[in-house]
Amino acid sequence: MTTLPDLTEPQIRRYARHIVLAEIGGVGQARLIAARVLVVGAGGLGAPLLQYLAAAGIGTLGVIDHDIVDLSNLQRQVIHRTADIGVSKVESARRALAGINPEVKVCPHDERLTADNAERIIAGYDIVADGSDNFATRYLLNDVCYRLKKILVSAAILRFDGQISTYKAFEGAGHPCLRCIFPGVPSEDAVPSCAQAGVLGALAGTLGALQATEVVKEILGIGRSLSGKLVMYDALAGTFDEMAIAKQPDCPTCGKPVGKKS
(Lines give C-alpha, C1' and ligand atoms only; values in the text may rest on other atoms or scores of the structure.)
Protein backbone atom coordinates (compact mmCIF):
# COMPACT_ATOMS: atom_id res chain seq x y z
CA MET A 1 0.00 0.00 0.00
CA THR A 2 1.34 3.44 -0.96
CA THR A 3 2.33 5.63 1.99
CA LEU A 4 0.46 8.92 1.72
CA PRO A 5 2.39 12.15 2.26
CA ASP A 6 1.70 14.41 5.23
CA LEU A 7 0.27 17.76 4.13
CA THR A 8 2.42 20.81 4.76
CA GLU A 9 0.94 24.06 6.04
CA PRO A 10 1.12 25.71 2.58
CA GLN A 11 -0.60 22.66 1.07
CA ILE A 12 -3.39 22.83 3.65
CA ARG A 13 -3.94 26.46 2.64
CA ARG A 14 -3.65 25.78 -1.12
CA TYR A 15 -6.10 22.87 -1.08
CA ALA A 16 -8.38 24.15 1.68
CA ARG A 17 -11.50 24.07 -0.50
CA HIS A 18 -10.84 20.41 -1.27
CA ILE A 19 -10.03 19.48 2.29
CA VAL A 20 -13.32 20.84 3.67
CA LEU A 21 -15.24 18.55 1.31
CA ALA A 22 -16.27 15.46 3.28
CA GLU A 23 -15.68 13.29 0.20
CA ILE A 24 -12.05 14.44 -0.05
CA GLY A 25 -10.62 15.70 3.23
CA GLY A 26 -6.94 15.63 4.08
CA VAL A 27 -6.55 11.94 3.24
CA GLY A 28 -8.13 12.41 -0.17
CA GLN A 29 -5.93 15.38 -0.95
CA ALA A 30 -2.90 13.33 0.04
CA ARG A 31 -4.06 10.68 -2.45
CA LEU A 32 -4.19 13.32 -5.19
CA ILE A 33 -0.67 14.46 -4.31
CA ALA A 34 0.56 10.85 -4.48
CA ALA A 35 -1.18 10.16 -7.82
CA ARG A 36 0.50 9.86 -11.21
CA VAL A 37 -1.60 10.84 -14.25
CA LEU A 38 -0.62 10.77 -17.91
CA VAL A 39 -2.38 13.24 -20.21
CA VAL A 40 -2.19 12.32 -23.88
CA GLY A 41 -2.19 15.49 -25.93
CA ALA A 42 -1.50 19.08 -24.89
CA GLY A 43 -4.15 20.45 -27.25
CA GLY A 44 -7.77 21.50 -26.90
CA LEU A 45 -8.78 18.87 -24.33
CA GLY A 46 -5.37 18.52 -22.73
CA ALA A 47 -5.03 22.25 -22.03
CA PRO A 48 -7.86 22.66 -19.47
CA LEU A 49 -7.38 19.09 -18.28
CA LEU A 50 -3.74 19.72 -17.38
CA GLN A 51 -4.52 23.05 -15.76
CA TYR A 52 -7.22 21.66 -13.49
CA LEU A 53 -5.23 18.56 -12.56
CA ALA A 54 -2.23 20.71 -11.65
CA ALA A 55 -4.43 23.04 -9.61
CA ALA A 56 -5.96 20.00 -7.88
CA GLY A 57 -2.50 18.95 -6.74
CA ILE A 58 -1.92 15.80 -8.79
CA GLY A 59 1.64 15.03 -7.70
CA THR A 60 3.01 13.78 -11.02
CA LEU A 61 1.60 14.88 -14.35
CA GLY A 62 2.92 13.32 -17.52
CA VAL A 63 2.10 14.98 -20.84
CA ILE A 64 2.86 13.44 -24.21
CA ASP A 65 2.66 15.38 -27.46
CA HIS A 66 5.02 15.70 -30.42
CA ASP A 67 3.59 18.91 -31.88
CA ILE A 68 4.58 22.57 -31.66
CA VAL A 69 2.31 25.49 -30.83
CA ASP A 70 0.69 27.04 -33.90
CA LEU A 71 -1.33 30.25 -34.19
CA SER A 72 -4.43 28.21 -35.10
CA ASN A 73 -4.20 26.36 -31.77
CA LEU A 74 -4.76 29.42 -29.60
CA GLN A 75 -8.53 29.62 -30.22
CA ARG A 76 -9.03 26.64 -27.86
CA GLN A 77 -5.71 25.43 -26.44
CA VAL A 78 -5.71 27.85 -23.53
CA ILE A 79 -2.59 26.53 -21.83
CA HIS A 80 -0.49 28.09 -24.60
CA ARG A 81 0.17 31.79 -25.23
CA THR A 82 0.97 33.79 -28.36
CA ALA A 83 4.60 33.95 -27.26
CA ASP A 84 4.69 30.12 -27.28
CA ILE A 85 4.16 29.83 -31.05
CA GLY A 86 6.87 27.58 -32.43
CA VAL A 87 7.64 26.05 -29.03
CA SER A 88 6.97 22.37 -28.40
CA LYS A 89 3.57 21.90 -26.77
CA VAL A 90 4.94 19.81 -23.91
CA GLU A 91 7.49 22.52 -23.04
CA SER A 92 4.86 25.25 -23.29
CA ALA A 93 2.55 23.20 -21.05
CA ARG A 94 5.36 22.51 -18.56
CA ARG A 95 6.07 26.21 -18.17
CA ALA A 96 2.39 27.07 -17.73
CA LEU A 97 1.84 24.34 -15.14
CA ALA A 98 4.90 25.46 -13.16
CA GLY A 99 3.20 28.84 -12.84
CA ILE A 100 -0.08 27.29 -11.68
CA ASN A 101 1.39 24.89 -9.12
CA PRO A 102 5.18 24.58 -8.74
CA GLU A 103 4.74 21.57 -6.42
CA VAL A 104 3.51 19.39 -9.27
CA LYS A 105 6.17 17.31 -11.02
CA VAL A 106 5.59 17.63 -14.76
CA CYS A 107 7.08 14.91 -16.96
CA PRO A 108 7.14 16.04 -20.63
CA HIS A 109 7.21 13.30 -23.26
CA ASP A 110 8.06 15.10 -26.50
CA GLU A 111 7.33 12.14 -28.72
CA ARG A 112 4.48 10.58 -30.63
CA LEU A 113 2.68 7.75 -28.84
CA THR A 114 3.20 4.55 -30.83
CA ALA A 115 2.85 0.80 -30.38
CA ASP A 116 6.61 0.75 -29.69
CA ASN A 117 6.64 3.18 -26.75
CA ALA A 118 3.08 3.09 -25.37
CA GLU A 119 3.55 0.37 -22.76
CA ARG A 120 6.83 1.82 -21.53
CA ILE A 121 5.33 5.28 -21.03
CA ILE A 122 1.91 4.28 -19.68
CA ALA A 123 3.36 1.77 -17.19
CA GLY A 124 4.69 4.62 -15.06
CA TYR A 125 1.27 6.14 -14.37
CA ASP A 126 -1.88 5.25 -12.41
CA ILE A 127 -4.47 6.79 -14.73
CA VAL A 128 -4.42 7.89 -18.37
CA ALA A 129 -6.50 10.80 -19.67
CA ASP A 130 -6.94 10.74 -23.44
CA GLY A 131 -7.08 14.11 -25.15
CA SER A 132 -5.80 12.84 -28.50
CA ASP A 133 -7.25 13.91 -31.83
CA ASN A 134 -7.14 10.70 -33.85
CA PHE A 135 -8.68 7.25 -33.75
CA ALA A 136 -5.42 5.32 -34.03
CA THR A 137 -4.15 6.79 -30.75
CA ARG A 138 -7.49 6.23 -29.00
CA TYR A 139 -7.56 2.57 -29.92
CA LEU A 140 -3.91 2.12 -28.98
CA LEU A 141 -4.58 3.66 -25.56
CA ASN A 142 -7.65 1.50 -25.07
CA ASP A 143 -5.75 -1.71 -25.77
CA VAL A 144 -2.60 -0.87 -23.80
CA CYS A 145 -4.52 0.43 -20.77
CA TYR A 146 -6.53 -2.78 -20.74
CA ARG A 147 -3.40 -4.94 -20.81
CA LEU A 148 -1.66 -2.87 -18.11
CA LYS A 149 -4.85 -2.53 -16.00
CA LYS A 150 -4.80 1.28 -16.10
CA ILE A 151 -7.95 3.39 -15.88
CA LEU A 152 -8.55 5.41 -19.06
CA VAL A 153 -10.67 8.58 -19.07
CA SER A 154 -11.36 9.50 -22.69
CA ALA A 155 -13.09 12.44 -24.35
CA ALA A 156 -13.59 13.68 -27.89
CA ILE A 157 -14.91 16.90 -29.47
CA LEU A 158 -15.96 18.04 -32.93
CA ARG A 159 -17.93 21.07 -34.12
CA PHE A 160 -20.38 21.69 -31.23
CA ASP A 161 -20.49 18.15 -29.83
CA GLY A 162 -18.47 16.30 -27.23
CA GLN A 163 -18.48 12.93 -25.52
CA ILE A 164 -16.73 11.36 -22.54
CA SER A 165 -16.45 7.96 -20.92
CA THR A 166 -14.20 6.04 -18.54
CA TYR A 167 -12.80 2.65 -19.50
CA LYS A 168 -11.63 0.04 -17.00
CA ALA A 169 -12.62 -3.18 -18.72
CA PHE A 170 -9.96 -5.08 -16.76
CA GLU A 171 -12.34 -4.94 -13.77
CA GLY A 172 -14.63 -7.43 -15.50
CA ALA A 173 -18.40 -7.61 -15.91
CA GLY A 174 -20.14 -4.29 -16.44
CA HIS A 175 -16.98 -2.53 -17.54
CA PRO A 176 -16.72 -2.28 -21.35
CA CYS A 177 -13.85 -0.86 -23.38
CA LEU A 178 -13.78 1.48 -26.38
CA ARG A 179 -13.94 -1.42 -28.82
CA CYS A 180 -17.17 -2.62 -27.22
CA ILE A 181 -18.80 0.53 -28.65
CA PHE A 182 -16.71 0.99 -31.79
CA PRO A 183 -15.21 -2.41 -32.76
CA GLY A 184 -13.20 -1.07 -35.68
CA VAL A 185 -11.32 2.11 -36.48
CA PRO A 186 -13.46 4.30 -38.79
CA SER A 187 -11.98 5.27 -42.13
CA GLU A 188 -10.28 8.66 -42.32
CA ASP A 189 -13.04 9.88 -44.64
CA ALA A 190 -15.85 8.83 -42.28
CA VAL A 191 -15.07 11.32 -39.50
CA PRO A 192 -13.55 14.73 -40.36
CA SER A 193 -10.85 16.28 -38.21
CA CYS A 194 -11.27 19.50 -36.25
CA ALA A 195 -9.15 21.23 -38.92
CA GLN A 196 -11.62 20.09 -41.57
CA ALA A 197 -14.93 20.51 -39.73
CA GLY A 198 -14.11 23.09 -37.06
CA VAL A 199 -14.67 23.05 -33.32
CA LEU A 200 -16.07 25.54 -30.82
CA GLY A 201 -13.15 26.66 -28.66
CA ALA A 202 -15.05 26.73 -25.36
CA LEU A 203 -16.29 23.18 -26.00
CA ALA A 204 -12.75 21.95 -25.36
CA GLY A 205 -12.89 23.62 -21.96
CA THR A 206 -16.20 21.96 -21.10
CA LEU A 207 -15.03 18.43 -21.95
CA GLY A 208 -11.52 18.94 -20.58
CA ALA A 209 -12.94 20.06 -17.24
CA LEU A 210 -15.26 17.05 -17.21
CA GLN A 211 -12.25 14.81 -17.82
CA ALA A 212 -10.37 16.38 -14.92
CA THR A 213 -13.38 15.81 -12.67
CA GLU A 214 -13.59 12.14 -13.66
CA VAL A 215 -9.86 11.62 -13.13
CA VAL A 216 -10.10 13.06 -9.62
CA LYS A 217 -13.15 10.89 -8.87
CA GLU A 218 -11.35 7.76 -10.00
CA ILE A 219 -8.27 8.55 -7.89
CA LEU A 220 -10.43 9.13 -4.82
CA GLY A 221 -13.00 6.40 -5.50
CA ILE A 222 -15.89 8.81 -5.01
CA GLY A 223 -19.16 9.35 -6.84
CA ARG A 224 -20.43 7.37 -9.81
CA SER A 225 -17.87 6.24 -12.36
CA LEU A 226 -18.58 6.79 -16.06
CA SER A 227 -17.43 3.24 -16.79
CA GLY A 228 -20.22 1.62 -18.80
CA LYS A 229 -21.68 4.99 -19.77
CA LEU A 230 -21.13 7.41 -22.63
CA VAL A 231 -22.04 11.01 -21.83
CA MET A 232 -22.74 13.23 -24.84
CA TYR A 233 -22.88 17.03 -24.77
CA ASP A 234 -24.61 19.13 -27.44
CA ALA A 235 -23.37 22.69 -26.98
CA LEU A 236 -25.90 24.22 -29.38
CA ALA A 237 -28.84 22.60 -27.59
CA GLY A 238 -27.24 23.00 -24.17
CA THR A 239 -28.06 19.38 -23.29
CA PHE A 240 -26.33 16.34 -21.84
CA ASP A 241 -27.45 12.83 -22.78
CA GLU A 242 -26.23 9.50 -21.47
CA MET A 243 -26.10 6.11 -23.14
CA ALA A 244 -25.38 2.81 -21.41
CA ILE A 245 -22.55 0.78 -22.94
CA ALA A 246 -22.67 -3.02 -22.75
CA LYS A 247 -19.56 -5.16 -22.49
CA GLN A 248 -19.36 -7.30 -25.61
CA PRO A 249 -18.31 -10.94 -25.10
CA ASP A 250 -16.75 -11.02 -28.57
CA CYS A 251 -14.85 -7.75 -28.14
CA PRO A 252 -11.40 -8.12 -29.73
CA THR A 253 -9.78 -6.38 -26.75
CA CYS A 254 -11.68 -7.21 -23.56
CA GLY A 255 -13.65 -10.26 -24.69
CA LYS A 256 -11.02 -12.43 -23.03
CA PRO A 257 -9.30 -12.08 -19.62
CA VAL A 258 -6.20 -9.90 -19.41
CA GLY A 259 -3.12 -11.94 -20.18
CA LYS A 260 -5.00 -14.64 -22.09
CA LYS A 261 -4.20 -15.15 -25.75
CA SER A 262 -6.47 -16.48 -28.46
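The values are calculated or read from the model by the stated rules, or taken from the named source; none is laboratory data. As the structure is a prediction and not an experimental result, all values here were calculated from the model. Please note: Cβ atoms are built from the backbone with ideal geometry, for glycine as well, and neighbour counts cover all protein chains shown.
The set of residues in the range 86-104 that are in a loop (DSSP other than H, G, I, E, B), out of contact with any helix residue (DSSP H, G or I) (no Cβ under 7 Å at 6 or more places or on another chain) and either within 30 Å of Arg31 (Cβ to Cβ) or among the hydrophobic types (A, V, I, L, M, F, W, C) (or both) comprises Val87, Pro102, Glu103.
Mind checking which residues of the range 1-41 are in contact with a His (Cβ under 8 Å, 6 or more places away or on another chain) and either in a loop (DSSP other than H, G, I, E, B) or of a type in the set (Ser, Thr, Tyr) (or both)? Within the range 1-41, Ile24 is the sole residue that qualifies.
In the range 163-238, counting only helices (runs of 4 or more DSSP H) that sit wholly within it, the ones holding 1 or more residues that are among the polar types (S, T, N, Q) and loosely packed, with under 12 Cβ neighbours inside 10 Å span 194-197. Looking across the range 79-93, just one residue is under 30 Å from Thr8 (Cα atoms) and surrounded by fewer than 20 Cβ atoms within 10 Å (Cβ to Cβ), and that is Glu91.
Taking Asp116 as the residue in question, decide whether it is charged (D, E, K, R), without any contact (Cβ under 8 Å) to a residue 40 or more places away in the chain and closer than 26 Å to Gln196 by Cβ. Quick ask: steps written out before the conclusion?
Values: charged (D, E, K, R): yes; without any contact (Cβ under 8 Å) to a residue 40 or more places away in the chain: yes; closer than 26 Å to Gln196 by Cβ: no.
For Asp116, the condition - charged (D, E, K, R), without any contact (Cβ under 8 Å) to a residue 40 or more places away in the chain and closer than 26 Å to Gln196 by Cβ - is not met.
Output yes when any residue across the range 78-85 is within 30 Å of Ile222 (Cα to Cα), at pLDDT 95 or above and not in a strand (DSSP E or B), and no when none is. Checked against the condition, which is being within 30 Å of Ile222 (Cα to Cα), at pLDDT 95 or above and not in a strand (DSSP E or B), the range 78-85 yields at least one hit.
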